[in-house]
Amino acid sequence: MAVEAEATAADFAYSETNINWDRLDKTRFHVIGAVLFTLQSGLLHPTAVVKTRIQVAEAGLPHMHGFSMFRRILRYDGILGLYRGFGTSAIGSLPGRVLALTSLEVSKDMVLKYTEHMDLSEATRIALSNGAAGLVSNVFSCVYFVPLDVISQRLMVQGLPEMIKYNGPFDVIRKVLRREGLHGLYRGFGITVATQSPASALWWGAYGAAQHVIWRSLGYQNDAEKKPSQLELVTVQATAGTLAGACSSIITTPIDTIKTRLQVMNGYVGRPSVTKTIKRLVEEDGWRGFYRGFGPRFLNMSLWGTSMIVTYELTKRLSVKR
């Protein structure tokens, strides 16, 4: 009995670092996740506004540093200017988060079970399951989040030259549908799915593998007798998330710039397209224009990677079935 108790305690100790879907109370998972992720989004929203403003800025402003744009927004729009579009994003994201978290956890669990009897190392299985989960979750999420992104970003850039004035999110929907039809709400959908899905797979795969390697280097095995402290859990997961977020921002900023401009810019001849957006961006700022807003986005992605994964893992720990 003593040996059995020790084994159970050992398994539980290491399982604290990798909680699977079957162990979660689904209702608590989604409710706690909705609250914590909304708080996280609120903390990071100003960096998203600054990044978006730089990416679509008129001539003479795109070379402003992130902090300069931050001060400019405060001077002209006040503190509320840094939270333009947040209400739409926060409230509208709630159903999307349920969809994203569910598809992420279910697909991760399915791949882990499918590869259980394959001749693969544990690190490889974790990387594959996390990568597949990130890919699947992003595809499902894009169907919901791209229109929400279009609406939120249109509200963020109000007041800039050539930008239409809106009276809230429903006015955005009404005007976009009237001028462009349903296609207008899905501006950038193709480029988002084609680029962010592989990027999401890379991010989650790298995070899963990095966390696994770090835990192993610290001496935690499946049969380890010591239980990670809360500080160790947060530190290891935050480190893996920071690295993944920083690398992702370097790779995906050019695509994000194109997508953002495609979603919010006006004045296109004919239907907006990726080709027209790239041509217009190069004409305005040369090839360095693809890294407009890189500083704020690098900060946003690094902070997002850290805070998101800490929030995500905390949500899972608080949602374990009793």
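Compute the long axis of helix 26-55 from its Cα atoms, compare it with the longest principal axis of the Cα atoms of the chain, and write down the angle in degrees, 0 to 90, nearest 10. Here the helix axis deviates by roughly 40 degrees. Taking the Cα centre of the chain as reference, the dipole from Cβ charges on Lys and Arg (+1) and Asp and Glu (-1) amounts to some 1620 debye. The relative contact order of region 104-191, computed from alpha carbon pairs under 8 Å that lie at least 6 residues apart in sequence, is 26 percent. Treating each Cα of region 230-301 as one equal point scatterer and applying the Debye formula with no solvent, the log10 of I(q)/I(0) at q = 0.19, 0.28 Å⁻¹ comes out as -0.77, -1.20. Against the chain, whose longest principal axis comes from its Cα atoms, helix 86-114 is set at around 40 degrees. Considering only T235, S121, G219, and ranking their Cα positions along the charge dipole of the chain that arises from unit charges at the beta-carbon of Lys, Arg, Asp and Glu, the one farthest toward the positive end is T235.
For the residues W287, W204, W215, a 1.4 Å probe over the protein chains yields an accessible-area ranking, largest first, of W287, W204, W215. Per residue, the accessible area of the chain comes to 48 Å², computed with a 1.4 Å probe over protein heavy atoms only.
Across R97, R72, the residue with the most accessible area heads the list, and the full order at a 1.4 Å probe is R72, R97. Contact order normalised by length for region 117-266, with contacts defined as Cα pairs under 8 Å and 6 or more residues apart; what percent is it? Contact order relative to length: 37 percent.
Summary value for the chain: 30 percent relative contact order, contacts being C-alpha pairs under 8 angstrom separated by 6+ residues.
If the limit is 28 Å between Cα atoms, which of K113/K316; K175/K259; K51/K316; K108/K175 go over it?
On the way: K113/K316 19 Å; K175/K259 20 Å; K51/K316 30 Å; K108/K175 39 Å.
Too far apart for the 28 Å limit: K51/K316; K108/K175.
Basic side chains Lys and Arg get +1 at the Cβ, acidic Asp and Glu get -1 at the Cβ, and with that the dipole of region 75-120 about its Cα centre reaches some 360 debye. Once each of the GluC sites (Glu not before Pro) sitting in a DSSP loop with at most 13 other beta-carbon atoms within 10 Å is removed, the chain keeps 226-322 as its longest stretch.
The values are calculated or read from the model by the stated rules, or taken from the named source; none is laboratory data. Just so we're clear, the structure is a prediction, and the values are computed from it rather than from any experiment. Note that we place each Cβ from the backbone using ideal geometry, even for glycine, and neighbour counts take in every protein chain shown. Side chains included, ligands, DNA and RNA excluded: accessible areas come from the protein's heavy atoms. Shrake-Rupley method; radii C 1.70, N 1.55, O 1.52, S 1.80 Å.
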